[in-house]
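First comes the structure, then the notes that go with it.
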Amino acid sequence: MKTIVKQLRQIIITALLISAALPVFAQTKRHGINSQHKDFYQLLRDANLTFKLPSGCKEISPVNNEYFSFDFAMEIPGKDFEMWLQVKSQRQNWNSYEHSQYNKERELANPDSMYKEISQAIAISLSGDTSYLVRNMPPDILARYNADAGKSYLVNLLNMRVTKHYKYALIIALQQNHTGTLVAVYFTNEKDPDFYKDVNRAGSCLKFIPPATD
C-alpha cells in the first residue's frame, strides 16, 4: 500500500512540474470569494474572455494550494456538480516566442500548444494515471467559444478530500491562438444526461472575444 501511495504521489508531482515549467504569468494567493474578483477579471481581460455567472449557479471559493491552482469556481446548489476554471493569458508568451525565432540559442515552445500540456497535467493530477479518455474538440464547439483549438478529457478521479470525493471529472481545454487558454473542470458523481446538460449550462458563462478583423 505504501508503495502505491508513493508511486501515485510521484505521478502527481511530475504532472505539476510539467505545468509549472510552462512560461505563464504568476498568480497571487487569494483569500475568500470577494477578494478573487479583481484578479479573475483581470485574467479574463488579458486572455480576451467574457464571463457571466449563469442563472442558478453559485460562486464558491476556488482551490488554490500546492497541488491545484484555479481562478474561479461555482456550483449548482442542490446538485452534485461543480465547475473549476483556470484562465491564462498567452499574449506575453506569444511575444516572447516570436522574438525567440530570431535567436537560435533561445528556443521556446509554441504557446498555442500549451493548452495540451496544461490540461494533460491537470488530468493526470486528478486521476493519478493516464488511463483517461481524451478527444479533440469538434469544430462546432470551438466556434461556439470562438476558440481555435481544444481537447476534452473524461477521467475517473482519485478519492480526494480536495475534490470533495467526486467520482468523475470532465476537463475542457480551449485555446485562442496568440491570446489565451481556458481550462474548465466539471465534477460529478453520475455521468448521466443531466450532467452534460449542466455542463452546457455552466459552460455558457465563458467565451473568447472574436479577434479583430481588418
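Points worth noting:
- Criterion: within 22 Å of Gly203 (Cα to Cα) and modelled with pLDDT under 95 - qualifying residue of Glu117, Glu105: Glu117
- Count of residues meeting criterion [among the aliphatic types (A, V, I, L, M), under 16 Å from Val183 (Cα atoms) and free of Cβ contacts under 8 Å to residues at least 40 places away in the same chain] in segment 134-162: 7
- Only one entry of Tyr168, Tyr145 meets the criterion of being open to solvent by 40 Å² or more (accessible area, probe 1.4 Å) and touching a strand residue (DSSP E or B) at 6+ places or on another chain (Cβ under 8 Å), and that entry is Tyr168.
- Candidates in segment 76-102 are the residues that are part of a loop (DSSP other than H, G, I, E, B) and at pLDDT below 90; of these, the one that is least open to solvent (accessible area, probe 1.4 Å) is Gln90.
- Residue count, segment 153-165 (criterion: under 21 Å from Tyr115 (Cα atoms) and either open to solvent by 20 Å² or more (accessible area, probe 1.4 Å) or at pLDDT below 95 (or both)): 3
- Scanning segment 52-68 for residues that are within 19 Å of Leu170 (Cβ to Cβ) and assigned to a strand (DSSP E or B) returns a single hit, Ile60.
The values are calculated or read from the model by the stated rules, or taken from the named source; none is laboratory data. The structure displayed is predicted, hence computed values, not measured ones. Quick reminder, even Gly has a Cβ in these numbers, built from the backbone with ideal geometry, and neighbours come from all protein chains shown. Side chains included, ligands, DNA and RNA excluded: accessible areas come from the protein's heavy atoms. Shrake-Rupley method; radii C 1.70, N 1.55, O 1.52, S 1.80 Å.
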